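Beneath this line is the structure, given in structure tokens, with notes to follow.
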């Protein structure tokens with residue numbers, strides 16, 4: 001009989017905890033945003049994309065021009081190498097290597113890590129992302145949202161839900 005009463009009390013306790021958890025979860029006001037719509041409908045994104053397309057086309061055109069020039073030089077060399085002296089061959093090969101190295105340097109400078117393309121993209125997008133994040137936070141606060149998700153991440157969470165300090169304290173205790 002004691003086991004049966006204990007089981008009933010335990011079931012009731014679980015039920016109360018479960019109900020309280022659901023009630024607490026329902027008290028949280030959540031929303032979400034569609035980032036793709038913001039990208040399409042926010043004029044600053046459109047302007048940045050237009051500017052990016054102009055810049056990247058110019059870089060692509062310059063790279064293609066350099067590549068074509070190198071390929072033309074290689075083709076000419078291949079046609080003439082049988083009649084060239086050893087000194088002229090070495091001279092042309094050195095010129096070709098220098099041209100290829102210049103093309104590689106251009107590609108790295110523009111499209112490599114920390115290159116001009118990355119810097120330009122960051123320059124174009126950072127202010128837009130800052131404005132969008134500020135808007136998400138303002139709308140969240142004005143409308144009483146506790147959590148706002150984006151399709152790829154969390155856009156806003158009320159500071160009172162931040163448990164970072166508790167996690168850091170736990171980690172510090174684990175290190176001791």
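Throughout, read-outs are computed from the coordinates displayed, never taken from laboratory work. Nothing here was measured: the structure is a model prediction, and the numbers come from that model. Every residue, glycine as well, gets a Cβ built from its backbone with ideal geometry; the counts of neighbours run over all protein chains shown.
Things to note:
- Yes/no for residue 86 being more than 18 Å from residue 64 (Cβ to Cβ) and over 20 Å from the mean Cα position of the chain (by Cα): yes
- Residues of region 51-70 that turn out to be farther than 16 Å from residue 120 by Cβ and either surrounded by fewer than 12 Cβ atoms within 10 Å (Cβ to Cβ) or in contact (Cβ under 8 Å) with a residue 60 or more places away in the chain (or both), as a count: 3
- Close contacts from region 84-108, counting a first residue that is surrounded by 13 or more Cβ atoms within 10 Å (Cβ to Cβ) and a second that is outside any helix (DSSP H, G or I), with Cβ to Cβ under 7 Å and a gap of 6+ residues or different chains, come to 89/81; 92/84.
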